[in-house]
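The values are calculated or read from the model by the stated rules, or taken from the named source; none is laboratory data. Since the model is a prediction, treat every value here as computed from it, not as a measurement. With ideal geometry, Cβ positions are generated from the backbone for all residues, glycine too; neighbour counts draw on all protein chains shown.
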Amino acid sequence: MRDLSTARVALLGLPRTGKSTYLGAIWQLAQDPQVPDIYEVDFRGDRSYLQRLGDSVARCTELEHTEVDSSEGMQLTLGFQDSRTIRVDIPDLSGELLNQLVEDRHLQTRLSDALDAADRLALFVHPEKVDEPISIAAAKQILLLAQTSAIGAEVESGSALEDERAVGSAASLSAEKPDLPSFSIQKACTAAKYIDALENIANLGRDRWPLKTAVIVSAWDTVDQPDEISPEEWLSSRLPGLASYLEANAEMFHHRIFGVSALGGRCHTPEQREALRARGPVRDRVYGKTSAGIQVPLSMALEWTLFD
Ligand SMILES: Nc1nc2c(ncn2[C@@H]2O[C@H](COP(=O)(O)OP(=O)(O)O)[C@@H](O)[C@H]2O)c(=O)[nH]1
Ligand SMILES: [Mg+2]
């Protein structure tokens, strides 16, 4: 047998952004003889973890939260439609690792090992888990409200009986700072967290620039009008900071945006799960979208990441 090339992919994203579900759906498709796009050629390691993920996707049940230490040491050889075969190292990294990097400034060995070895990245964002930045206009309004209520409190307590003093205290409030909660990085907007993570990742992989990076918008079925908007438009409108960062740093990240629906629909309630299962096996429910919004097989994002 000829020598196989090996790719090492790091699935990255904040917690609950669809990484494990994507992996489970890919596994399920690779096992399905009726899906020619992707198939399993060989496997080394413990299959049971991937099997569990695949079963959850097939049965439309919620995946357990990926623990920081789950699934290690599996090596999967995948074949694709045009007989291209590749050995893939694809640990299912917990989103907590990225959280710890951004929020606690702590790089866990497991993440640094995965990033040291990775020559490809798949960066997941979930449309329902986007915290938008507070606009300057909104921030001003919050300041104003805080000031007004502080003055109100003073007037009520009788400590600002004269108008002049109230005006004076308004001036001092705007000069000093009203008593606002201090900034915490946990509350930073999603784009800021991702940009921060990418800056660290770029630094760690400096010797491998540009890092090939699929930006995967997961749960595409939950996007407003999923057939009207493209993944590229979605990223530019919901996470414009992240989109511009990637565009401006092409020497660090060679990226492409995809949408994926690795479940095919929501599965939070028993009715949703039943409706989803009624649509048939995994192959009949799941799909991918190119950056321009063209429907493609679910495995396309992974395939782009793997092959040059
Ligand atoms: N509607 C829908 N929900 C999804 C899809 N993929 C993942 N999810 C949901 O997103 C949440 C997080 O998924 P999970 O794969 O566990 O995220 P991880 O923490 O990044 O591994 C779960 O509630 C999933 O059910 C999808 O294609 N469609
Ligand atoms: Mg997970």
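All conditions in (1) within 12 Å of ligand 2 (Cβ to nearest atom); (2) closer than 30 Å to Glu199 by Cβ hold for Val88, with the sole exception of (1). Does the stretch 24-31 contain any residue that is part of a loop (DSSP other than H, G, I, E, B), within 15 Å of ligand 1 (Cβ to nearest atom), touching a residue at least 12 places away in the same chain (Cβ under 8 Å) and under 22 Å from Val215 (Cα atoms)? No, that holds for no residue. Sort out which residues of the stretch 42-67 are surrounded by 14 or more Cβ atoms within 10 Å (Cβ to Cβ), closer than 24 Å to Ala117 by Cα and either within 14 Å of ligand 1 (Cβ to nearest atom) or modelled with pLDDT of 95 or more (or both), and write them in order of number. Result: Tyr49, Leu50, Leu53, Thr66.
For first residues located in the stretch 36-65 and of a type in the set (Phe, Trp, Tyr), partners that are more than 12 Å from ligand 2 (Cβ to nearest atom) and part of a strand (DSSP E or B) and lie 6+ apart or on another chain with Cβ distances below 9 Å form the pairs Tyr39/Leu78; Tyr39/Gly79; Tyr39/Phe80; Phe43/Gln75; Phe43/Leu76; Phe43/Thr77. Cβ-Cβ contacts under 6 Å between residues 6 or more apart (or on different chains), taken from a first residue in the stretch 227-249 that is within 23 Å of Gly265 (Cβ to Cβ) to a second residue that is crowded, with 16+ Cβ neighbours inside 10 Å and among the charged types (D, E, K, R), are listed as Pro231/Lys289.
A quick yes/no check of all residues on (1) aromatic (Phe, Trp, Tyr); (2) touching a helix residue (DSSP H, G or I) at 6+ places or on another chain (Cβ under 6 Å); (3) within 30 Å of Lys212 (Cα to Cα):
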site: Val102; (1), (2), (3): no, yes, yes
site: Leu115; (1), (2), (3): no, yes, yes
site: Val125; (1), (2), (3): no, no, yes
site: Lys129; (1), (2), (3): no, no, yes
site: Ser135; (1), (2), (3): no, no, no
site: Ile142; (1), (2), (3): no, no, no
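When the stretch 178-218 is limited to residues that are farther than 26 Å from Pro127 by Cβ and of a type in the set (S, T, N, Q), the one that is surrounded by the most Cβ atoms within 10 Å (Cβ to Cβ) turns out to be Asn203. Residue check: is Ala10 crowded, with 19+ Cβ neighbours inside 10 Å, within 16 Å of ligand 2 (Cβ to nearest atom) and at pLDDT 90 or above? Here the answer is yes, as Ala10 does meet what is asked.
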